[in-house]
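The values are calculated or read from the model by the stated rules, or taken from the named source; none is laboratory data. Because the structure is predicted, anything quoted here is derived from the model rather than measured. For neighbour counting, all protein chains shown are included, and Cβ atoms are generated from backbone atoms with ideal geometry for every residue, glycine included.
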Amino acid sequence: MERKIIHIDMDAFFVAVEQRDNPSLRGKPVVVGSPHKRGVISAASYEARKYGIFSAMPSIVAARKCKDLIFVPGRFHAYKEASEQIMQVFYEYTDQVEPLSLDEAYLDVTTNKMDNPSATNIAKEIKIRIKESTELTASAGVSFNKFLAKVGSDFNKPDGLCVITPAASTKFIEALKIEKFPGVGKVNARKLHDLGISTGKDLKKLTQESLINQFGKFGEYLFNMSHGIDNREVIAERIRKSIGAERTFGEDILDEAKLLESLNRIAEILDKRIKKSNSSGKTLTLKIKYFDFEITTRSKTVFYPISEINEVLALAQELFYTPKAPFKRVRLLGLSLSNLDNNEINIGDQLKLNFHELL
């Protein structure tokens, strides 16, 4: 049976929640983030995007692009509450829901609770239901696989709907710019352009073998996507692979005592998350990002399950000094526990966001 997949992606989600809750922000260039010189934009309104402002952009750069830019602090609890309302709408139609983050998910509606044979009509209904329950707009992509559904949801934003049928898929993929292929970042896009590849049609001219030689396993992905091949299923339940916490400092730190104090705070946050997930693990990893953006990780695996704060603290401090304490200014510290013994199944493990909780 040909699958019917919907990808729902909320429109400028964090900012949309802020504009909904504060009408004075509507129609204005707004970003969620800190105006601090080391701040980073978490989300940008469509009005702000007209100035070339996007998420992950340094705040100082964004402020230069738009002198009237409005910064608002993030309210994770509000975004999570809206996300839960959205997920409830999804489950009205199918239990085959794979959340990717707070604001997007895949739905397999091949068979659905409404006995509706039209995935397009279901997508339309879901968009309406989301608007009714949250006052927010969503964009939807509808197709026969996850790749095309995800590309489709980004095609007519905001408040868009794009349906890619099997008959139309070849022409659609051939016209698709290489930057629009999910997973193709700036580095790979530049490399593909250097090979004379700008669209899906160009990509199809290369053999699977040549793409693998150029890009390794990613080359196989590119070959399959250029031919519309994507057999991945919508996975409703995911087992969490790791639990982590990290902190980006307002100023780079070299002082050993201050770093250890911050490491202890991060360990306490990690401990709370371990207990909340009812998990334990055997591998602890310390992540250090230096002022020059060099990143190093140090890991240790033990034979017993780590689940208590004193165990986390002891291992974290051991990693901090192995082989030696950080030797230059530190921008970020992080701890993560992996090799987990999960006692619960987490729906959409990517829903957890490190929303600068420690800042």
**OP:** Kindly list the number of the only condition in (1) buried (at least 19 other Cβ atoms within 10 Å of the Cβ); (2) farther than 27 Å from LYS37 by Cβ that fails for ARG190.
**Re:** (1)
Subject >> region 176-213, residues that are under 20 Å from VAL151 (Cα atoms), over 22 Å from the mean Cα position of the chain (by Cα), assigned to a helix (DSSP H, G or I) and among the aliphatic types (A, V, I, L, M) >> reply: LEU192, LEU203
**OP:** Out of ALA257, ALA236, report the one residue that is of a type in the set (A, V, I, L, M) and assigned to a helix (DSSP H, G or I).
**Re:** ALA257
Subject >> Candidates ILE243, ILE229, filtered to the one that is under 24 Å from the mean Cα position of the chain (by Cα), in a loop (DSSP other than H, G, I, E, B) and either within 26 Å of SER153 (Cβ to Cβ) or modelled with pLDDT under 95 (or both) >> reply: ILE229
Original post:
For residues in region 179-224 being of a type in the set (Ser, Thr, Tyr) and in contact (Cβ under 8 Å) with a residue 24 or more places away in the chain, which is nearest to ASP154 (Cα to Cα)?
Top reply: THR199
**OP:** Find all pairs meeting these conditions: Cβ atoms under 9 angstrom apart; at least six residues apart or on different chains; first residue within region 290-312 and without any contact (Cβ under 8 Å) to a residue 40 or more places away in the chain; second residue among the polar types (S, T, N, Q) and surrounded by fewer than 16 Cβ atoms within 10 Å (Cβ to Cβ).
**Re:** ARG298/THR322; LYS300/THR322
Subject >> Qualifying positions in region 112-124 - closer than 10 Å to THR94 by Cα and surrounded by 15 or more Cβ atoms within 10 Å (Cβ to Cβ) >> reply: ASN112
**OP:** Say whether the condition of being in contact (Cβ under 8 Å) with a residue 60 or more places away in the chain, closer than 29 Å to GLY33 by Cα, part of a strand (DSSP E or B) and not assigned by TED's automatic domain parsing to the domain that holds ALA56 is met by at least one residue in region 267-289.
**Re:** no
Original post:
When only residues in region 276-308 that are aliphatic (A, V, I, L, M) and either modelled with pLDDT of 90 or more or in contact with a Cys (Cβ under 9 Å, 6 or more places away or on another chain) (or both) count, which is surrounded by the most Cβ atoms within 10 Å (Cβ to Cβ)?
Top reply: LEU284
Original post:
When only residues in region 290-341 that are among the polar types (S, T, N, Q) and assigned to a loop (DSSP other than H, G, I, E, B) count, which is nearest to LEU254 (Cα to Cα)?
Top reply: THR322
**OP:** Working only within region 1-56, note down all residues that are over 22 Å from ILE126 (Cα atoms), modelled with pLDDT of 95 or more and assigned to a loop (DSSP other than H, G, I, E, B).
**Re:** ASN22, ARG26, GLY27, LYS28, PRO29, SER45, LYS50, TYR51, GLY52, ILE53
Original post:
Is there any pair linking a residue in region 63-82 that is touching a residue at least 60 places away in the same chain (Cβ under 8 Å) to one that is acidic (Asp, Glu), with Cβ under 7 Å and at least six apart or on different chains, and which?
Top reply: ALA78/ASP21
Original post:
Given the conditions (1) at pLDDT 95 or above; (2) surrounded by fewer than 17 Cβ atoms within 10 Å (Cβ to Cβ); (3) not charged (D, E, K, R), which single one is not true for ASN156?
Top reply: (1)
**OP:** Would you be able to tell me the number of residues in region 135-150 that are crowded, with 24+ Cβ neighbours inside 10 Å and part of a strand (DSSP E or B)?
**Re:** 5
**OP:** Filter region 227-252 down to residues that are among the β-branched types (Val, Ile, Thr) and surrounded by fewer than 19 Cβ atoms within 10 Å (Cβ to Cβ) and give me whichever is farthest from LYS287 (Cα to Cα).
**Re:** ILE229
